[in-house]
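Asks: Please see the structure below; I have some questions.
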Amino acid sequence: MLKSKNLFALIALGTASSLFAAPALAQAQPTTPPKETPKETPKKDETKKDVKKDEKKDAKKVAAATVGSVAPTFVLNDTDGKEHKLADLTKDGKIVVLFWFNSECPYVVKHFNESKTFNDLAAKYKDKKVVVMAVNSNAADSQGSGLETNKKVKKDWSMDYPILLDATGATGKAYGAKNTPATYVIAADGTLAYAGAIDDDSGDQKPGKTNYAAKAVDELLAGKKVTTSTTKPYGCGVKYSK
């Protein structure tokens, strides 16, 4: 009987010990933290390449001809279908005056109403190896664009010089022409000698007192350095194709 009591006492003691030990073991059991899904990060080399590409694209957008550098070459047809090459003109030692044209722009119109700024400019230097040419870089179907429109206005405004059609806008963008009538003077050696406004009145009513293009041409013909080589152009925005 005593042996049975001792046996039951030992069983009870073992059960109690296991009950107290279970929580302690549970607390001591190490826990494994949940695995985090790794985030995908762009490769450094690829990111740098993309940034460089974007920078090059932006640079092309703002790149334009600068005074003192070789003027961008061009090959354009006029309203009569005649081809004009800048390389041929400068090869013959001619000074070239380009102005961006839009017959519906009031800042252009003011130079063809009572005042004949560009017509007078062309007539003044006609026999002095100076060529004046209008350039229309407006996209097809935009304001002042189109062959027939420019043919008619050339006749109506008695323009005795070519209107070059640049519907793609390639030439205008190469020069950085943003306004009509932005004006550029190219020296006989092919360098850009002047870029900016035609004159010193940025309104749309009357021409200014100082004609910057004429001043630049006079200095070039006299073998002098162009004293005012850049000014801020004014006028309507060129309607480039997108």
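So that you can scan it fast, the table gives a plain yes or no per residue for (1) more than 14 Å from residue 110 (Cβ to Cβ); (2) in contact with a Leu (Cβ under 9 Å, 6 or more places away or on another chain); (3) of a type outside the set (Asp, Glu):
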position: 195; (1), (2), (3): yes, no, yes
position: 200; (1), (2), (3): no, no, no
position: 204; (1), (2), (3): no, no, no
position: 211; (1), (2), (3): no, yes, yes
position: 217; (1), (2), (3): yes, yes, yes
position: 224; (1), (2), (3): yes, no, yes
position: 230; (1), (2), (3): yes, no, yes
position: 235; (1), (2), (3): no, no, yes
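Asks: Same structure, new question: How many residues does the stretch 155-198 hold that are among the hydrophobic types (A, V, I, L, M, F, W, C), in a loop (DSSP other than H, G, I, E, B) and within 21 Å of residue 89 (Cα to Cα)?
Replies: Here is the first cut: in the stretch 155-198, the ones among the hydrophobic types (A, V, I, L, M, F, W, C) are 157, 159, 163-165, 167, 170, 174, 177, 182, 185-188, 192-193, 195, 197-198.
Next, only the ones that are in a loop (DSSP other than H, G, I, E, B) stay: 157, 159, 167, 177, 182, 187-188, 197-198.
Checking which are within 21 Å of residue 89 (Cα to Cα) leaves us with 159, 177, 182, 187-188.
Selection size over the stretch 155-198: 5.
Asks: Is there any pair with a first residue in the stretch 123-148 that is closer than 27 Å to residue 241 by Cβ and touching a residue at least 40 places away in the same chain (Cβ under 8 Å) and a second that is assigned to a helix (DSSP H, G or I) and not acidic (Asp, Glu) whose Cβ atoms are under 6 Å apart and which are 6 or more apart or on different chains, and what are they?
Replies: That search, which allows pairs on different chains as well, returns 131/89; 137/172.
Asks: Could you list, in sequence order, the residues of the stretch 121-141 that are over 27 Å from residue 212 (Cα atoms) and crowded, with 16+ Cβ neighbours inside 10 Å?
Replies: Quick first cut of the stretch 121-141, residues over 27 Å from residue 212 (Cα atoms) only: 139-141.
Matches in the stretch 121-141: 139 only.
Asks: For residue 89, all conditions in the list (1) surrounded by 17 or more Cβ atoms within 10 Å (Cβ to Cβ); (2) part of a strand (DSSP E or B) hold save one; what is the number of the exception?
Replies: So residue 89 meets the others, but not (2).
No lab work stands behind these numbers, since they all come straight from the coordinates. Keep in mind that this is a model prediction, so the values were computed, not measured. Positions of Cβ are backbone-derived with ideal geometry, glycine not excepted, and every protein chain shown enters the neighbour counts.
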